[in-house]
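Presented below is the structure to which this report refers.
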Amino acid sequence: MVSIKASVMVITLLTVCLLATNASPGCCRNYMKTKIPFLKIKGYSVQTVTGLCPISAIIFHTKKGKACTDPALNWVMYYVDRLRNKAQMVHMKSTQAGI
Amino acid sequence: MDSLEDVSNQSYLDNNDTDFDYDLVPPCAQQNNHSVQLVVGPYVHSIICILGLVGNSLVIVTYALYKRTKSMTDVYLLNVAVADLLFVASLPLIVYNELTAWSMGPVVCKLLRGSYSVNLYSGTLLLACISSDRYVAIVQARRSFRLRSLTYSRLICAAVWVLAVLLSVPSFYFYSLYQPTHSRDFFMDEEDGNSTDSTEYVCELRFMDSTEALTSKVALPSMQLAVGFFLPLLVMVFCYSAIVGTLLKARNFQRHKAVRVVLAVVAVFVVCHLPYNLTLLYDTTSMFNLQSCEDVDFLKTAKTVTQTLAYLHCCLNPVLYAFVGVKFRNHFQRIVQDLWCLGKRYIRPRRFSRVTSEIYVSTRRSVSSENGSSFTM
């Protein structure tokens, strides 16, 4: 009886642990067909083929969620540059404030 | 520069916060696959692990204690049991680490992925060796005295293990523990800046540059398909069909049982490994195509399920190869009875001592009588 109780405990614990862990972030397997308005974008991340994903992509983070875009497209890289500039400005402002 | 103006125009138009209607194409979350993994991961794998541990340890213990490896087949069977045992022993570690974002560290990641590959190759290649050994013993019976010797089979087994390790060098080399870049945010709005950096570690293939990545992502599964499945399958189909042909011509009252065993061995191999390898083949050929998340999820789920089916083969090998043999079963029975007697001796001494020796009136019935051990039913 003790062993049954113990195994039930272990299984419940395992299940709880399992449900608590998030799945590892999935890969982009397709691209947006349309442009996203720039002001909706809060940030971005980069998916490369050198990792576990089979295609490369730029993932824009919007209020609605993440959007996979094709890095071969001009507007995508233009957005990335603008985001970089924006980040640079934030950095400069914060260092000035620090001084 | 038309496109750039286009872009800025659009962003100006969208300056007021009206809800611009756009359908996002998000990264694939793999919900179904994840829920299947939740069940398969801990529960089904622990059943496979327990069955595999019990079955393969029984084979190894029987050989170690009672049946000194006398024939070529014995050497192969022992090696298959060792490969399967190593695999099922590493299975709970793999499951545990996959569930806890590889908490045991980078060395364990490399070792587990590498040893998985070694066992995958050695397991199926050894089964191919067993089929060719039986082929030599039954179909090429005249040559078999020259070709079948203990040193010969030990050399072949050593060669198989070396080959399996060599084929697994890319796995040892390329698998590593890292945080995938696509889940790391490069810039977030300062307003909700507390974006938690909860990126999980993964133990996956990682390459230096993209050309290396693209070739290896095709080459590694292709090698696994070719050497780990199709080569052994071809060898087994060729050898066993020749064996069945010879058995059907022979006038032996045991031949039907032998044919049944041969068919079972091939059928179980095909049923366990073919679905996974077909899924892997499809996955490898369609990997770089653009796909919808539903298709990706379906394929990943299929891979998880069929891989578990392939794992099941490790538990069935002891039954299909060792326990079908009458001689092996006799040795095994002797272990059980000795253990039984050992237990009884403490309670009622000297009662069962006579029974053990009487049961071992040999019930050996050999199909290929000259070459004995290879196909004892």
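The values are calculated or read from the model by the stated rules, or taken from the named source; none is laboratory data. All values derive from a computational prediction rather than experimental measurement. Here the Cβ positions follow ideal geometry from the backbone for every residue, glycine too, while neighbour counts run over all protein chains shown. Surface areas here come from the heavy atoms of the whole protein model, side chains and all, with no ligands, DNA or RNA. Shrake-Rupley method; radii C 1.70, N 1.55, O 1.52, S 1.80 Å.
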Among residues of the stretch B:203-231, those that are open to solvent by less than 50 Å² (accessible area, probe 1.4 Å), in contact with a strand residue (DSSP E or B) (Cβ under 9 Å, 6 or more places away or on another chain) and outside any helix (DSSP H, G or I), counted: 2
Residue that is nearest to the chain's Cα centre (by Cα) [pool: residues in the stretch B:269-316 that are closer than 27 Å to B:Gly123 by Cα and small (Gly, Ala, Ser)]: B:Ala310
Residues of the stretch B:294-309 that turn out to be within 10 Å of chain A (Cβ to nearest Cβ) and open to solvent by 40 Å² or more (accessible area, probe 1.4 Å), as a count: 2
Residue satisfying all of: in the stretch B:57-113; of a type in the set (Ser, Thr, Tyr) and touching a residue at least 40 places away in the same chain (Cβ under 8 Å); nearest to B:Phe145 (Cα to Cα) among these: B:Ser71
Any chance B:Ser46 is part of a helix (DSSP H, G or I), open to solvent by 10 Å² or more (accessible area, probe 1.4 Å) and within 14 Å of another protein chain (Cβ to nearest Cβ): yes
Every residue from the stretch A:28-39 that is crowded, with 21+ Cβ neighbours inside 10 Å and either part of a strand (DSSP E or B) or among the basic types (Lys, Arg) (or both): A:Arg29
Pairs with Cβ under 9 Å, 6+ apart, first in the stretch B:42-54 and closer than 12 Å to B:Cys315 by Cα, second among the charged types (D, E, K, R): B:Gly52/B:Asp84
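Yes/no per residue for (1) free of Cβ contacts under 8 Å to residues at least 12 places away in the same chain; (2) open to solvent by 20 Å² or more (accessible area, probe 1.4 Å); (3) under 30 Å from A:Leu52 (Cβ atoms):
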position: B:Leu127; (1), (2), (3): no, no, no
position: B:Ala137; (1), (2), (3): no, no, no
position: B:Gln140; (1), (2), (3): yes, yes, no
position: B:Ser144; (1), (2), (3): no, no, no
position: B:Phe174; (1), (2), (3): no, yes, yes
Hey, B:Val59 away from chain A (no Cβ under 14 Å), modelled with pLDDT of 90 or more and buried (at least 18 other Cβ atoms within 10 Å of the Cβ) or not: no
Number of positions in the stretch A:40-66 that are outside any strand (DSSP E or B), at pLDDT 90 or above and either more than 7 Å from chain B (Cβ to nearest Cβ) or within 21 Å of A:Gln88 (Cα to Cα) (or both): 1
Residues located in the stretch A:67-82, provided they are facing chain B (nearest Cβ under 7 Å) and buried (at least 21 other Cβ atoms within 10 Å of the Cβ): A:Ala67, A:Cys68
